[in-house]
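Visitor: Once you've had a glance at the structure underneath, I'll fire off some questions.
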Amino acid sequence: MSPAWSFALARLIGVVAIAAVVGYFLGQISLTVSVALAAYLALTYVRLYRLERWLRKRRTEEPPDFHGVWGDVVALVMRIYRRKQFHKRRIVQLFREFRRMTTAMPDGVVVMSADREIQWFNRNAARLLKLRRKVDYGQRIDNLVRHPDFIRYLASGDFSQPVVIRSTVDASLHLALHVVAYGAGQQLLLVRDVTRQIRLEAMRKDFVANASHELRSPLTVITGYVDALADDPGMDPAWHGPLEEMRRQAERMRAVVDALIELSRLESSSGEAATDLIDVGGMLTLMRREVLALEPHPEVALELESDAKLLGSEQEVHSIFSNLISNAVKYTPPEGRIDIRWWVDASGGHFSVRDTGVGIAREHLPRITERFYRVDPGRARSTGGSGLGLAIVKHAVQRHGGSLEIESEEGVGSRFTCHFPPRRVAARAPLAVNQ
């Protein structure tokens, strides 16, 4: 027991004792003790009233001057109040810092509840999305940003990547919207103006497409003259080697130009690919025969686990298969092995090429599908690679609503798998044929 409570208890006992002595001499012990206790209780109620009044008006009134237990109570309340005031000032300071920070951010930030109702947004979010303070608080974000791509993005639940839309309030703006989950079901919507990047990307695509088409005619002329000179019987034999090298390099340039044109076509194509009926088994069988006709060539196994057909663009699907198979042939030694597989399951159709070639180091995998990216530029030049094949494969697979999965280990080999959605599979029938 604290000293204050000991003193209060001793004082109460003293009051009762004095009242009993006085009552003894007056012959009214019960009456005097009762009067003393009533007076003590009244004093306690007065102090309790003063304490309650001060708690209600502590901002304008000084604390009451109590002693003993009541003084300890007032001191404890004052300490709690000062601590609360300190934390309140600290929270207000942090909130002001947060507001200044979000105002200085180049991106827009929208705080949303679990039901995607707007709870707060910064100045840039208001500018980019044309949100109004206080008026739009509590509104659902999909009621204010009514773009079909954004609505589908919210409904998908996959927020690993942002969605890029054209602004619904300013058609000249392109916005990247990225939802980030935090806390107990709450979400942040990050808004970034990517208009400049979109325009630069469009300029780059136009330049590549135009340059590729402009290079095709000169290359055709050069190749024609080189072929004519190489076939001229009167040509000095000493020029046969240089002319063959010129022919080889011209052919390599033509392949690069054709790949650039194909990639530009895929990037500029809107919507998904066509839905032609494609005989996957027949196409892969022909490709395997073409590889076996090369000398030397690695062992090539074709495993067709289904006779299901694909619904897509035959040209693009042929490009996907041929690029992956030719890459495997380029980087697999003659004593190696290539396994080509086609199968169908509940998640759709799947095509994979696995090789026992040189493999790809882990640090290169995130960038391997970028245009002109080469793991080893010197080796790629020696094998005739342009660095565009996997970029073409990625875009063509995406045009079919699918995805490209890459697994590789340096010195062991690689496996490239194309996953096509069920809507791209025409039929499903188990075949389990190994060739």
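Visitor: Within the stretch 229-249, is even one residue of a type outside the set (Ser, Thr, Tyr), under 39 Å from the mean Cα position of the chain (by Cα) and closer than 30 Å to Met203 by Cα? Talk me through it step by step, then tell me what you get.
Guide: In the first step, residues of the stretch 229-249 are kept if they are of a type outside the set (Ser, Thr, Tyr); the result is 229-249.
From the residues that got through so far, the ones that are under 39 Å from the mean Cα position of the chain (by Cα) too are none.
There is no residue in the stretch 229-249 that is of a type outside the set (Ser, Thr, Tyr), under 39 Å from the mean Cα position of the chain (by Cα) and closer than 30 Å to Met203 by Cα.
Visitor: Of (1) farther than 13 Å from Ile118 by Cα; (2) part of a helix (DSSP H, G or I), Val191 satisfies all except one. Which?
Guide: Against the list (1) farther than 13 Å from Ile118 by Cα; (2) part of a helix (DSSP H, G or I), Val191 comes up short only on (2).
Per-residue answers, yes or no, for (1) in contact with a strand residue (DSSP E or B) (Cβ under 9 Å, 6 or more places away or on another chain); (2) modelled with pLDDT of 80 or more; (3) assigned by TED's automatic domain parsing to the domain that holds Gly185:
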residue: Ala20; (1), (2), (3): no, yes, no
residue: Tyr40; (1), (2), (3): no, no, no
residue: Leu48; (1), (2), (3): no, yes, no
residue: Pro63; (1), (2), (3): no, no, no
residue: Trp70; (1), (2), (3): no, no, no
residue: Tyr81; (1), (2), (3): no, yes, no
residue: His87; (1), (2), (3): no, yes, no
residue: Ile91; (1), (2), (3): no, yes, no
residue: Val110; (1), (2), (3): yes, yes, yes
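Visitor: Right, another one. Does the stretch 212-220 contain at least one residue that is within 22 Å of Phe372 (Cα to Cα) and among the hydroxyl-bearing types (Ser, Thr, Tyr)?
Guide: yes
Visitor: Looking only at the stretch 382-432, filter to residues that are among the charged types (D, E, K, R) and loosely packed, with under 13 Cβ neighbours inside 10 Å; which one of those is modelled with the lowest pLDDT?
Guide: We begin by selecting, within the stretch 382-432, every residue among the charged types (D, E, K, R); these are 394, 399, 405, 407, 409-410, 415, 423-424, 428.
Add one more test, that the residue is loosely packed, with under 13 Cβ neighbours inside 10 Å, and what stays is 409, 423.
Numbers: Glu409: 88, Arg423: 91.
Restricting to residues being among the charged types (D, E, K, R) and loosely packed, with under 13 Cβ neighbours inside 10 Å, the top hit is Glu409.
Visitor: Now for a different question. I'm checking my understanding of the structure. Among residues of the stretch 328-373 that are among the aliphatic types (A, V, I, L, M) and surrounded by fewer than 15 Cβ atoms within 10 Å (Cβ to Cβ), which one is farthest from the chain's Cα centre (by Cα)?
Guide: Ala346
Visitor: Could you list, in sequence order, the residues of the stretch 105-117 that are part of a strand (DSSP E or B) and under 15 Å from His178 (Cα atoms)? Write out each step before concluding.
Guide: Residues of the stretch 105-117 that are part of a strand (DSSP E or B), as a first pass: 108-112, 117.
Gly108, Val109, Val110, Val111, Met112, listed by residue number.
Residues are listed down the side, and each one gets a yes or a no for (1) modelled with pLDDT of 90 or more; (2) over 17 Å from Val111 (Cα atoms); (3) over 14 Å from the mean Cα position of the chain (by Cα):
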residue	(1), (2), (3)
Arg127	no, no, yes
Phe159	no, no, no
Asp170	no, yes, yes
Leu175	yes, yes, yes
Leu189	yes, no, no
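Visitor: For the stretch 257-265, check the following and say yes or no: at least one residue is loosely packed, with under 14 Cβ neighbours inside 10 Å, in contact (Cβ under 8 Å) with a residue 12 or more places away in the chain and either assigned to a helix (DSSP H, G or I) or at positive phi (or both).
Guide: Looking for residues that are loosely packed, with under 14 Cβ neighbours inside 10 Å, in contact (Cβ under 8 Å) with a residue 12 or more places away in the chain and either assigned to a helix (DSSP H, G or I) or at positive phi (or both), one finds none in the stretch 257-265, hence no.
Visitor: Could you list, in sequence order, all residues of the stretch 240-261 that are touching a Leu at 6+ places or on another chain (Cβ under 7 Å) and of a type in the set (Lys, Arg)?
Guide: Within the stretch 240-261, just Arg254 meets the criteria.
The values are calculated or read from the model by the stated rules, or taken from the named source; none is laboratory data. Bear in mind the structure is a predicted one, so any value in this text is a computation, not a measurement. Heads up, the Cβs are rebuilt from the backbone with ideal geometry, glycines too, and the neighbour counts pull from every protein chain shown.
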